[in-house]
Amino acid sequence: MRAEEVYDWLIASSSSSAADAFDVHVAASIIGLAFAEAEEEGRDRLEAVGLDRAAFLDLAAILFPASAPVLAAQVDPRAIEVTPEEQSVRDILGIYSSDAGRLQTHFIAMISRRCQSPHHLWQDLGLRSRAELRELMTRRFAPLARKNSQDMKWKKFLYRMVCGSEGFTLCAAPVCSDCDEFHICFGAEDGESRLARNARAAANGNDPLALPEAAE
């Protein structure tokens, strides 16, 4: 299965879940893209997602109940290494979280892991647009979304928050409007959804991601 097929498979397996549809969409987007990356790069799937096996299967049980037994046979019980940088992002998201539940913990871990990837955060989460990222942050990290009142790029903003919490500054400019690199932090985050990009690449003959048959 390709990334978008993993997404579709997970969405189909969420029909018996009582979870919020947007949460289902976001998690399926992250997992679909992460699994595709892992397949392409020869990495462990859960390493790309950012959850250990127990947490991943808990997420699946909450959001994708029909897929949980199949996924249990597809992921390894290896430990997930979290770097100090990634842990700092987790800490910031935890401090400014709108929820303290298990699902929120899983989203914090996944978002923090995907922050380590090189594209715009909305793209590295597999989302369709930056507007979806804004909705995600507003729903699940409302205090943080309010702090980002100038709509700074989210990776830049998160790392600025990390730097501030650890006692040093990311930028020497007194205010953002005086900065010579204003566009780097606040410029447009245009681009194509990475799921859509993967679908186009697959149409050009790339090998699909190997996954089991979709759950009934």
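So here's what we get for this one:
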| read-out | value |
| --- | --- |
| Karplus-derived HN-Hα couplings along the range 50-55 (A = 6.51, B = -1.76, C = 1.60, θ = phi - 60°), whole Hz, x at Gly and Pro | x, 10, 6, 4, 4, 5 |
| Distant-in-sequence amide H partners of ALA19 (H built 1.01 Å from N, under 5 Å) | none |
| Which of VAL24, VAL82 is most accessible, then next, and so on - probe 1.4 Å | VAL82, VAL24 |
| Solvent-accessible area per residue, Å², over the range 94-158 with all protein chains present [probe radius 1.4 Å] | 41 |
| In sequence order, calculated HN-Hα J values of the range 116-130 (Karplus, 6.51, -1.76, 1.60; Hz; x Gly/Pro) | 7, 7, x, 9, 4, 4, 4, 6, 6, 8, x, 7, 7, 6, 5 |
| Amide proton proximity set for LEU125, modelled H, under 5 Å, gap of 5+ | none |
| Carbon/sulfur fraction of accessible area - the range 75-142, other protein chains in place, 1.4 Å, % | 52 |
| Table column - 3J(HN,Hα) (Hz), the range 6-17, Karplus curve with 6.51, -1.76, 1.60, x for Gly and Pro | 4, 4, 4, 4, 5, 4, 5, 7, 9, 4, 8, 8 |
| Lys, Arg +1 and Asp, Glu -1 on Cβ, resulting dipole of the range 33-139 about Cα centre, debye, nearest 20 | 360 |
| Length added when fully stretched, ARG78-SER16, from 0.36 nm per residue minus Cα-Cα | 19.4 nm |
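The values are calculated or read from the model by the stated rules, or taken from the named source; none is laboratory data. What you see is a predicted model, and the numbers here were worked out from it, not measured in a lab. Every residue, glycine as well, gets a Cβ built from its backbone with ideal geometry; the counts of neighbours run over all protein chains shown. Each accessible area value is taken on the protein alone, full model and side chains, heavy atoms only, with ligands, DNA and RNA left out. Shrake-Rupley method; radii C 1.70, N 1.55, O 1.52, S 1.80 Å.
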